[in-house]
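Have a look at the structure below before the remarks.
Derivation of every value follows stated rules applied to the coordinates shown; laboratory data play no part. Please read all numbers here as calculations on a predicted model, not as lab measurements. Ideal geometry is used to build each Cβ from the backbone, glycine not excepted, and the neighbour counts take in all protein chains shown.
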Amino acid sequence: TTFIIANGDDVVVHSDMKVFQTGEVTDKTLPVARSGLGDPVLAAMNTGDRLESFQKAAELGIEVSRIETADDEFIMMRVVIPGYSDEPWIIGQYFRGVTISREVRRLTGSAAVGIGALIIAVLIAIWMGRRVARPLKALAKQSERVGSLALDEVEPLPRSRVQELDQVAVAFNSMVDGLKAMNTYVPRSLFAKLMRLGGKDAAGAREAELTILFTDIVGFTALSEHMSARETASYLNDHFAILVEAVESEGGTVDKFIGDGMLAFWGAPDARADHAAAAVRTARNIAAALQKVNDQAEECGQNRLCMRIGIHTGTAVVGNVGALDRWNYTVVGDTVNVTERLQTLGREVGDGDEVVILASAETVARLPAEPGKDRAGEFSLRGRSTSLEVWKLDPFCAVPDASAVLSPTAAE
């Protein structure tokens, strides 16, 4: 109900003259004295309890009070406005207190609903976050394995109902399959070294002092004549597995397989002073492993296998060699050719030996503590104008201590 009181105590405006909120009816005509109007709320307005909690209203000059009638409770807001007549005007409104309670209950209910919705939203967000985080954690874990090139330990990522995560899982699984396929042709140890040393920069072609090792199976052509293609491939795979393990256990790099032979080198991409000793240890490890294989073959009634191994130390070009998208991390130069010639020379120097290891004087010079060496003499190798001093190493001699190695400067 809206009202205006002027001239001291005369009601000049009343919005509910037909029926008061309290139910009373009046036949009075405005203006009329407040006490004579018959509105019990206006009649008791000066006896109401002022509500001091409405500080903002009080600062604006609005008085808020609670007025009790015989049957109900009302809240009144009024403001005194001077200047329109000799006596100030009072403009105000009053309404049932129950409407306030109803609004408070409505707001309280809305607040409860809002808090409940907020809690549910937080729980859903946590659930969604964990659901999204799980595949991301799995991705991080599998990515660490990819980074360390432990491709055999990488587990495929499961598909996801979240489109973005599903796309990531599919792309990751395809990447791993591609890396596994590539790793079939690129030595894992070489790949790991290049990644650790900086990839492209480490693979740039350069000159370096290396020790090269070349192997070959004696009489494999005649042996393979009695094998099928499948048997030949299986035989070579088993043989190369022994060679690769021996090379990588000594930190070497397998360059390539040539027929039934293998080319490996030490000194790149990791620079090391003991590359000659590492190559010799590898040759003897190969000899020991071959001896075990031959003993097993002999027990099965098969022939023993013989090998020739050539080792040479010198300067060679190492790095990416090729064109366009056909690159190969390899070694080229006279040092490689000499190593191959030494391996071939084993036909003459080590004829009849199960394993013959021929090393150049350049390699032996870097092995001052080498006990199992015999000078084979000087030989003129095909393609060289000068002779080469060759040493024959005992394949089953104790491996020399790796610390007894001359640095390249001392060897010179």
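Apply 1/(1 + (r/R0)^6) to the Cβ-Cβ distance of residue 348 and residue 288, taking R0 = 22 Å, and write down the FRET efficiency to the nearest 0.05. It would help to have the intermediate numbers written out before the result.
On the way: r = 24 Å, r/R0 = 1.11.
That gives a FRET efficiency of 0.35.
Multiply the residue gap between residue 152 and residue 206 by 0.36 nm, knock off their C-alpha separation, and tell me the result in nm, one decimal place. Intermediate values should be presented prior to the final figure.
Values: separation 54, 0.36 × 54 = 19.44 nm, distance 3.28 nm.
Contour length minus Cα-Cα distance gives 16.2 nm.
Report, to one decimal in Å, the Kirkwood hydrodynamic radius for region 206-411 based on all distinct Cα pairs.
Details: mean 1/r = 0.0574 Å⁻¹.
Roughly 17.4 Å, rounded to one decimal.
Please list, by residue number, every one of the trypsin sites (Lys or Arg not before Pro) in region 313-359 that is coil in DSSP and has at most 13 other beta-carbon atoms within 10 Å. Walk me through the numbers before you get to the answer.
Numbers: sites: 326, 341, 347; in loops: none.
Answer in residue order: no site qualifies.
Sequence gap at least 6, Cα distance under 8 Å: using those rules, report the relative contact order of region 2-103 to the nearest whole percent. Working shown, then result.
Values: 178 pairs, mean separation 25.9, N = 102.
So the answer I get is 25 percent.
Summing +1 for each Lys or Arg and -1 for each Asp or Glu, what net charge is found among the other residues whose Cβ lies under 15 Å from the Cβ of residue 300?
Numbers: positive: 292, 304; negative: 231, 238, 295, 298, 299.
Here the charged neighbours net out to -3.
Hey, of [x] 1.22; [y] 2.27; [z] 1.06, which did the structure itself give for Cα Rg over 2.2 N^0.38 Å when calculated?
Identified label for the calculated read-out: [y].
Given points 7 Å out from each Cα along the Cα-Cβ axis, report the residue 380 to residue 140 separation in nanometres with one decimal.
Result for the modelled spin labels: 6.9 nm.
Please enumerate, by chain and number, the aspartates and glutamates with C-alpha under 14 Å from the C-alpha of residue 18, excluding those fewer than 8 residues away in the same chain.
Output for residue 18: 27, 39.
Can you list the DSSP H helices in the chain whose Cα atoms extend at least 15 Å along the helix axis and whose mean Kyte-Doolittle hydropathy is -0.5 or higher?
Those that clear 15 Å and a mean of -0.5 are 97-147, 163-183, 229-249, 275-299.
From the backbone phi of region 65-79, what are the Karplus-calculated ³J(HN,Hα) couplings (6.51 cos²θ - 1.76 cosθ + 1.60, θ = phi - 60°) in whole Hz, Gly and Pro given as x?
9, 10, 10, 10, 10, 5, 10, 8, 10, 10, 10, 10, 10, 8, 9
Just grab the label-to-label distance for residue 397 and residue 119, each label 7 Å out from Cα along the Cβ direction, in nm (one decimal).
8.3 nm
Go through 379-385, 36-42 and give me the packing order, highest mean Cβ count within 10 Å leading. List each step's numbers first, then the result.
On the way: 379-385: 11.9, 36-42: 20.3.
Highest to lowest by the protection proxy: 36-42, 379-385.
Suppose we take every Cα in region 2-103 and form the convex hull; what volume per residue is that in Å³? Write down the numbers at each step before the final one.
Working: hull volume 10.6 nm³, N = 102.
Dividing the Cα hull volume of region 2-103 by its residues yields 104 Å³.
Output ³J(HN,Hα) for region 18-29: one whole-Hz value per residue in order, computed from phi by the Karplus curve 6.51 cos²θ - 1.76 cosθ + 1.60 with θ = phi - 60°, and x for Gly and Pro.
6, 9, 6, 4, 7, x, 6, 10, 10, 10, 6, 10
Hey, how many Å between the Cα centroid of region 278-298 and the Cα centroid of region 22-81?
112 Å
What FRET efficiency comes out for the pair residue 223/residue 170, r = Cβ-Cβ distance, R0 = 35 Å, nearest 0.05?
Details: r = 47 Å, r/R0 = 1.33.
With R0 = 35 Å, the Cβ-Cβ based efficiency is 0.15.
Please work out how much length the chain gains when fully extended from residue 105 to residue 240, using 0.36 nm per residue of separation minus the C-alpha to C-alpha distance, in nm with one decimal. Don't skip to the answer; put the middle values down first.
Details: separation 135, 0.36 × 135 = 48.60 nm, distance 8.42 nm.
Difference between extended and current length: 40.2 nm.
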